[in-house]
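Accompanying notes for the structure given below.
Just so you know, all these numbers are worked out from the coordinates, no wet-lab data involved. The structure presented is a predicted model; accordingly, all values stated were derived computationally and were not measured. Positions of Cβ are backbone-derived with ideal geometry, glycine not excepted, and every protein chain shown enters the neighbour counts.
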Ligand SMILES: Nc1ncnc2c1ncn2[C@@H]1O[C@H](COP(=O)(O)OP(=O)(O)O)[C@@H](O)[C@H]1O
Ligand SMILES: [Mg+2]
């Protein structure tokens, strides 16, 4: 495995003069050896461009790509020892599963016995031992994706595993299974993994670290917990988590934040905040129903309840602002007028969309 460094890497497909308009704005980014990363963002934000620069399918307009301090910017994909899985499985349908897995090794002129050994080893990991004689085209989409992965894994010295929305063509009931299998494999092989997805849930459950992109830029990187607890911008707060983070307009009165006439206790000194449009963010998971007025409670009205499996999402108006609150299934939900509490230590303050530093 390798540590991968992007040094001043940026890309434009159209030759745009301004770097802010590039598909990938120039950036420095390090992918540590043996860690699993999710590259997350909406369609068109530059995820595939970044992945293809790592693999060598795209040569960056600017900057250098290093694998373990070796400059690979001018080295073609085939020489970079990358295992890749794309949205659609890349397999040879007429060949058997065995032949598909053996193919990269046959190309490298490995001796037959060594190929057989290696294919058996990888087939075992992928749970494909009983399918080795079958023509690859008769497999399910999920199994075909495993073969695409297996063809990368059979090679020695795989520098990294790159996956670009690999669950796209997988039936919903198999998505969970395949994702678990991919996790198992990445842990067992201690691979450096970059997993591209536009699905925040997939990113948060798959990766050690999530890299969030927006319009050609990395807006935040961190553990799933950091992104959940401290979204650096309202964009990340909105994009990560389901439902999205609640955002409420607030004003200040001396050192206090004020929302709907209520002075809020929080970890922030409102008097020390920079000027700008103020919002507080509170995750739906942390908003609480309260039974009597107290610290940080506000009048609210319940407008709907949505069942989401293990949790129920309650839609409400808090001091007239739309909000969501999620509570575990089985807890009774009142109707009509209620009180909600914004727990002081769960309040985040945003100034013009950027997280302010708490200074108490
Ligand atoms: N081959 C290409 N030629 C021109 N523009 C492209 C090409 N590939 C991607 N783009 C543009 O670059 C931007 C980023 O695309 P992409 O990296 O594919 O995003 P994502 O994978 O996040 O959906 C988009 O605006 C897209 O239209
Ligand atoms: Mg893409």
According to a simple spin-label model (label point 7 Å from Cα along Cα-to-Cβ), what is the distance in nm between residue 271 and residue 171? 6.5
13 Å cut-off, amide nitrogen to a point 7 angstrom out along residue 331 Cα→Cβ, residues in the range 268-290: 284-290
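Output the Kirkwood hydrodynamic radius of the range 217-262, Cα pairs only, in Å rounded to one decimal.
Details: mean 1/r = 0.0817 Å⁻¹.
Result for the range 217-262, one decimal place: 12.2 Å.
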Counting only C-alpha contacts under 8 Å and six or more residues apart, can you give the relative contact order of the chain as a whole percent? 16
With angles folded into 0 to 90 degrees, how steeply does helix 172-189 sit against the dominant principal axis of the chain? Use alpha carbons for both and round to 10. 70
Expected unfolding gain across residue 96-residue 188 under the 0.36 nm per residue rule, minus the alpha-carbon gap, is 30.6 nm
Computed from the beta carbon distance with a Förster radius of 30 Å, FRET efficiency for residue 59 and residue 157 to the nearest 0.05 stands at 0.85
Quick check: the distance between the Cα centres of the range 42-97 and the range 297-357, to the nearest angstrom? 43
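Kirkwood Rh over Cα pairs of the range 165-238 into Stokes-Einstein at 20 °C, 1.002 mPa s: D in µm²/s? Working shown, then result.
On the way: Rh = 13.4 Å.
In µm²/s, the coefficient rounds to 160.
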What ranking of 45, 107 emerges when the number of other C-beta atoms within 10 Å of each C-beta is taken as an exposure proxy, fewest first? 107, 45
Which order, highest average first, do 92-101, 230-239 follow once you tally other Cβ atoms within 10 Å for each residue and take the mean per peptide? 230-239, 92-101
Taking 0.36 nm per intervening residue step and subtracting the Cα-Cα distance, what contour gain separates residue 345 from residue 180 on full extension? 56.0 nm
Distance histogram in 10 Å bins (all Cα pairs of the range 74-132, percent per bin): 20, 49, 28, 3, 0
Counting only backbone N atoms under 12 Å from a point 7 Å out along Cα-to-Cβ of residue 114, the residues of the range 80-105 in range are 105
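Under the 0.36 nm per residue contour assumption, what length would be gained going from the current alpha-carbon distance of residue 140 and residue 74 to full extension?
Working: separation 66, 0.36 × 66 = 23.76 nm, distance 3.70 nm.
Residue separation times 0.36 nm, minus the Cα-Cα distance, leaves 20.1 nm.
Could you compute how fast the chain diffuses translationally, taking Rh as the Kirkwood radius over C-alpha pairs and applying Stokes-Einstein at 25 °C with viscosity 0.890 mPa s? Give it in µm² per second.
Numbers: Rh = 23.0 Å.
D = 107 µm²/s.
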Just to be sure I understand the model, the point goes 7 Å from the Cα along the line to the Cβ. What's the resulting residue 352 to residue 306 distance in nm? 3.2
FRET efficiency (residue 253, residue 230; Cβ distance; R0 35 Å; to 0.05) is 0.90
Please give the residues of the range 1-45, grouped as numeric ranges, whose backbone N is less than 17 Å from a label point set 7 Å along the Cα-to-Cβ vector of residue 87. 39-45
Distance in nm between residue 223 and residue 20 label points, each 7 Å along Cα→Cβ, equals 3.5
